[in-house]
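Right, one structure below, let's go through it.
Where a number appears in this text, it was derived from the coordinates with a stated rule and is not lab data. Quick caveat, the model's predicted, so the values are computed rather than measured. Note: ideal-geometry Cβ built from the backbone for every residue, glycine included; neighbour counts use all protein chains shown.
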Amino acid sequence: MLFRNRQRPSINIKSAQELEGMRRAGRLASQCLEHIAKHAKPGVSTEELHELQMEFAKKHNAIPAPLNYKGFPKSLCTSINEVVCHGIPTPSRILQEGDTIGIDVTLIVDGFYGDNATTIPVGEIDEETQKLLWVTMESLKKAIEKVEPGRRLGDIGSTIQTFAEQKHGYGVVRDFVGHGIGTKFHEEPQVPHYGKPRTGVRLRPGMTFTIEPMINLGTWKLKVLEDGWTAVTLDGKPSAQYEHTLAVTENGVEILTVQNDEGIWEPPGRFEIAKPASLA
């Protein structure tokens, strides 16, 4: 994700060859996210997850994109409980029963970027937090269903905001947005997770970008800690995030950070969140 700005976008439309490169990067990023999520258990440090990312990248001749990106010190982001995004792995942060952890993985494969993220429970979590995770993942899924040629970016943001904020009363983060991606980590266009339908950039085949809603249990407002990276909810309540990298096709959308050949929906990292009983 990146901070929003208001520059006029110059969008790189990908060729068939470039899209094939992005598929390879996206699939490997999905495999990596799944691998790390399986190890996020009580008693494990976030530093250990960083080391798993480094080992995976080395084994598969990939580069972990966050490492040293604008000074970020680790290979992935680990965002626990009230951390919205950009949590820094450390040896001292040990996962506890009842935590939630957001794991954001981006790999560079042959010059192309694949970017995806999931938020998972560490052991058992309370139903209120379970609902937050489910609604956030559903927000991503519903937004992806809006992607097709001719629609606008505002349709994506409006879909998320209507579902998460207006229907369920959660806070949709404004300070960070999705982004174009390809042979650069962050390209145009920016993809807000809020907004008005039928506004913004019109979608065209060959556009590639992330959708990555960050949804808070309370206020959408946040603050960045003194390390210059870690963003936390202003009220200390939990946050959740899910992310896929997508390509606009002639007929709709292809999800690039999945492990199926059709580019159809899979939960990021293939970690399904059960629908809470209160929403059944």
Subject >> Amide H contacts under 5 Å for residue 275, placed H, 5+ residues apart >> reply: none
Subject >> Two-site FRET efficiency, residue 196 against residue 54, from Cβ-Cβ distance with R₀ of 35 Å, rounded to 0.05 >> reply: 0.25
**OP:** Could you point to the label whose value was computed as semi-axes √(5λ) of the Cα gyration tensor in Å for the structure here, given (i) 28, 20, 19; (ii) 26, 23, 17; (iii) 31, 21, 18?
**Re:** (ii)
Subject >> Cleavage-rule hits (GluC sites (Glu not before Pro)) in segment 75-144: DSSP loop, at most 13 neighbouring Cβ within 10 angstrom >> reply: 97, 124
Original post:
Cβ under 11 Å from residue 123's Cβ, residue 123 left aside: what net charge do those residues give with Lys, Arg +1 and Asp, Glu -1?
Top reply: -2
Subject >> chymotrypsin sites (Phe, Trp or Tyr not before Pro) within segment 3-84, DSSP loop, no more than 14 other Cβ atoms inside 10 Å >> reply: none
Subject >> Pair residue 70, residue 250: separation of 7 Å Cα→Cβ label points (nm) >> reply: 3.7 nm
Subject >> Residues in segment 202-244 that a label on residue 15 would reach, taking backbone N under 20 Å of a point 7 Å out along Cα→Cβ >> reply: 204-209
**OP:** State the Cα centre-to-centre distance between segment 228-255 and segment 8-55 in whole Å.
**Re:** 13 Å
**OP:** Compute the relative contact order of segment 209-280 as a whole-number percentage, counting only Cα pairs closer than 8 Å that sit 6 or more residues apart in sequence.
**Re:** 24 percent
**OP:** Among 47, 34, rank each residue by its count of other Cβ atoms within 10 Å, from fewest to most, as a rough exposure measure.
**Re:** 47, 34
**OP:** Would you mind computing, in nm to one decimal, how far apart the modelled labels at residue 127 and residue 234 are, each placed 7 Å from Cα along Cα→Cβ?
**Re:** 3.1 nm
Original post:
Let a ≥ b ≥ c be the square roots of the eigenvalues of the Cα gyration tensor of segment 110-153; is it rounded (a/c under 1.5), or, if not, prolate (a/b larger than b/c) or oblate?
Top reply: oblate
Original post:
In debye, nearest 20: dipole of the chain around its Cα centre with unit charges on the Cβ of K, R (+) and D, E (-)?
Top reply: 1000 debye
Original post:
Projected onto the charge dipole of the chain (+1 at Lys/Arg Cβ, -1 at Asp/Glu Cβ, origin at the Cα centre), which of 149, 256, 98 gives the Cα projection farthest towards the positive end?
Top reply: 149
Original post:
Taking the simple approach of a point 7 Å from Cα along Cα-to-Cβ for both residue 280 and residue 94, what is their distance in nm?
Top reply: 3.5 nm
